[in-house]
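Contents: one structure, followed by commentary.
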Amino acid sequence: MVVSSTVLQQSLRHLDQAYGRFFRGEARYPRRKKKGRSRDSATYVRTGFKWVEDPGRPGTGLITLAKQSEPLDIKWSRALPAGKVPVRLSVTRDRAGRYFVSVLVEERIAPLPVVFVPGTREPKAVGVDVGLASLVILDDGTKFDHPRLLKRYAEKLARLQRELHRKVRGSKNRQKVREKIARLYALISDVRRDMLNQLTTRLVRENQVLVVEDLSVRTLMRVARGKGRGRKAKLNQAIMDASWGDLLRQLRYKCEWYGRTLVVVDRFFPSTRRCSACHVTGPRLDVSVRKWTCAGRGALHDRDVNAAVNLRDEGLRLLAA
């Protein structure tokens, strides 16, 4: 098999970057990929492929990779920006056996118009609290449901896992079941990613200032020891299914793209147990407690909405300071 030199050179660049991150203390020591356990990818720089734009469909066209005589048969999910030429592209194959072409182009994203509070010239701010009963809760009481995709497909996943363990290791039938499981996980990931993209885009378009909490998802998902580890395991699975980390990541880069202000409140700020009316901080609350009464003024609070209001107020204070 003939491999383009640009792919081999780019692999060495990726390895050099991985070692650089390791020596700077930003990542772990680079590990070898395990066959069949990770994505396969090949990156081509501009000299490693040929691009011919389709005049009838601007932004789409034919891509021919180096050492190949025929162009790729591509189903375009979206057209490239008008008049833009690909700078680099990556061809990846996931564990479900699907191939993707990711195209990199140079583009300047225009900021969105400033959003003001109706009737004023004050920028509209929103407190965004993430949770498990509802995925996202806003300070005005708006709640976005948690899709619970792992729970929805749990029965089908369990059936396929049992089927997998009955197959002989190394057999073709076992590989077929593994591909079925990979396709199902790919479906779950695609639905979750699409839902998060729509949600974060809506939040960024409708608000000028977004306030979130600095969550350490890795700390929250630490494995429990001893008593209560079964409950903690279910909690960890729910956090993983919610994909809080990806939600916050999307908010960060979209705010940067579209000229929005993202304020991150310290993770130790008591947003949940602090009364948003009188600012009296109460005792710690168990995850099962969804509503509580303030000891100061006796106000009844929804746990998540109260946290979102506190985040918004604290974010505006930090922004003013």
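Pairs K84/K151; K50/K176; K180/K227; K180/K232; K75/K167; K151/K291: which are spaced more than 32 Å apart, C-alpha to C-alpha? Pairs exceeding 32 Å: K84/K151; K50/K176; K180/K227; K75/K167. Sequence-ordered 3J(HN,Hα) estimates for segment 224-241 from the Karplus curve with 6.51, -1.76 and 1.60 and θ = phi - 60° stand at 7, 10, x, 5, x, 5, x, 5, 5, 5, 5, 5, 4, 5, 5, 5, 5, 5 Hz, glycine and proline given as x. Listed by chain and number, the lysines placed with their C-alpha closer than 18 angstrom to that of K254 are K124; residues fewer than eight positions away on the same chain are left out.
In the context of the full protein assembly, E107 retains an accessible surface of approximately 110 Å², using a probe radius of 1.4 Å and ignoring ligands and nucleic acids.
Which shape class applies to segment 157-199: rounded if a/c is under 1.5, otherwise prolate when a/b exceeds b/c and oblate if not, where a ≥ b ≥ c are the square roots of the Cα gyration tensor eigenvalues? Prolate, because a/c is 1.5 or more and a/b exceeds b/c. Counting Lys +1, Arg +1, Asp -1, Glu -1, what net charge surrounds R260 among other residues with beta carbon under 11 Å of its beta carbon? The answer is +2.
Here the 3J(HN,Hα) profile of segment 307-315, calculated from phi with Karplus coefficients 6.51, -1.76 and 1.60 at θ = phi - 60°, is 5, 5, 5, 4, 5, 4, 4, 5, x Hz, Gly and Pro shown as x. Shown are F22, F268, whose ranking by accessible area with a 1.4 Å probe and every protein chain present, most to least, is F268, F22.
Of all beta bridges that DSSP places with both ends in segment 181-321, some 45 percent have antiparallel geometry. In this view, the solvent-accessible surface of Y185, computed with a 1.4 Å probe and all protein chains in place, comes to about 100 Å².
Potential lengthening of the chain between R57 and V289 amounts to 78.0 nm, from the contour at 0.36 nm per residue minus the alpha-carbon distance. Peptides 110-118, 140-148 ranked from most to least packed by the mean count of surrounding Cβ atoms within 10 Å: 140-148, 110-118.
Only protein heavy atoms count here; on that basis, with a 1.4 Å probe, C278 has an accessible area of about 40 Å².
Look at the Cα gyration tensor of segment 164-276: its axes a ≥ b ≥ c give a/c of at least 1.5 with a/b at or below b/c, and that counts as oblate. Rounded if a/c is under 1.5, else prolate if a/b is larger than b/c, else oblate: which is the chain, with a ≥ b ≥ c the root eigenvalues of its Cα gyration tensor? It is oblate, given that a/c is not under 1.5 and a/b is not larger than b/c. Helix content alone sets the calculated 222 nm mean residue ellipticity of the chain: runs of n ≥ 4 DSSP H residues at -39500 (n - 2.57) each, divided across all residues, give -12500 deg cm²/dmol. Per residue, the chain exposes an accessible area of 66 Å² to a 1.4 Å probe, with every protein chain left in place. Taking amide hydrogens as placed 1.01 Å from N in the peptide plane, the amide H of W292 sits under 5 Å from those of H301, R303, each at least 5 positions away in sequence or on another chain.
Of the residues T201, T219, S171, the one whose Cα sits farthest towards the positive end of the charge dipole of segment 169-221 is S171 (charges of +1 on Lys and Arg Cβ, -1 on Asp and Glu Cβ, taken about the Cα centre). Taking the Cα centre of the chain as origin and assigning +1 to Lys and Arg Cβ atoms and -1 to Asp and Glu Cβ atoms, the resulting dipole is close to 2280 debye. With all protein chains in place and a 1.4 Å probe, the accessible surface of segment 149-270 carries 51 percent carbon and sulfur. Across all Cα pairs in segment 1-112, the calculated P(r) in 5 Å bins from zero up to the longest distance comes to 2, 9, 16, 20, 18, 15, 10, 6, 2, 0 percent per bin. Here K67 is the anchor, and the aspartates and glutamates within straight C-alpha reach of less than 19 Å, apart from those fewer than 8 places off in the same chain, are D40.
Rounded to the nearest 10 degrees, the inclination of helix 172-206 to the longest alpha-carbon principal axis of the chain is 50 degrees. When the solvent-accessible area of segment 1-67 is split by element, carbon and sulfur atoms take up 53 percent of it, the probe being 1.4 Å.
If you take all other residues with their beta carbon under 12 Å from the beta carbon of K156, and give Lys and Arg +1 and Asp and Glu -1, the sum is +4.
The values are calculated or read from the model by the stated rules, or taken from the named source; none is laboratory data. This structure is a prediction, so every number in the text was calculated from the model and none was measured. Here Cβ is always computed from backbone atoms with ideal geometry, including for glycine, and neighbour counts include all displayed protein chains. Note: areas computed on protein heavy atoms with side chains; ligands, DNA, RNA excluded. Shrake-Rupley method; radii C 1.70, N 1.55, O 1.52, S 1.80 Å.
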